[in-house]
1. Using a simple spin-label model with points 7 Å from Cα along the Cα→Cβ vector, what separation in nm is obtained for F1 and A44?
2. Under a Cβ-only charge scheme (Lys and Arg +1, Asp and Glu -1), can you give me the dipole magnitude of the chain about the Cα centre, in debye to the nearest 20?
3. Give me the mean projected area, in nm² to one decimal, of the convex hull enclosing the Cα positions of the chain.
4. Could you work out how far helix 71-82 tilts from the main Cα principal axis of the chain, as a 0 to 90 degree angle to the nearest 10?
5. In degrees between 0 and 90, to the nearest 10, how far off the longest principal axis of the chain does helix 28-46 point, with axes built from Cα atoms?
6. So who's got an amide H within less than 5 Å of the one on A90, skipping anything under 5 residues away but keeping other chains? H placed 1.01 Å off N, in plane.
7. Roughly what percent of Cα-Cα pairs across the range 23-94 reach past 19 Å?
8. Hey, what angle do you get for helix 103-118 against the long axis of the chain, alpha-carbon based, 0 to 90 degrees rounded to 10?
Amino acid sequence: FAEHRYYGLSLPFGAASFTPANLSLLSVEQALADYAALLLALPAELGCRSARPSVDPSRPLCDTVLFGGSYGGMLAAWHRVRYPHLSLGAVASGAPVDFYDGVQSRFAAAVNRTFAVYGGKGSGC
């Protein structure tokens, strides 16, 4: 699995990675670009080759399917939208890619209502 920048050992500026200026590179767009660069590097690294034609014949591709759950699923789905030519498909499990204005407040209201009805003292929750 690829590691998202700024998480784990992937600190692009070392100890200075968490300054406001450097945190500007912590974005979904940058993560998608990082994964695109990784997919483009796979043929040289692994020696794999796809039977399908590449957009750029000088840059062969590997047959790749993206997988992710929750945030990783959103990245997999968005990667297919932004870079459809780099992978064969994506499996996005539990990926709330449609979580836009209005949906969050309705979801929060449903969670709060459920807790109020079923999650009170003595309910075993």
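All of the numbers you see were taken from the coordinates with simple rules; none came from a lab. Because the structure is a prediction, the values reported are computed rather than measured. Methodologically, a virtual Cβ is constructed for each residue, glycine included, from the backbone with ideal geometry; neighbour enumeration extends over all protein chains shown.
1. 2.7
2. Numbers: 9 positive and 8 negative charges, 66 e Å.
Computed about the Cα centre, the dipole is about 320 debye.
3. 11.9
4. Around 50 degrees separate the two axes.
5. The two axes meet at around 40 degrees.
6. L66
7. For the range 23-94, the share of Cα pairs beyond 19 Å comes to 34 percent.
8. Roughly 40 degrees between the two axes.
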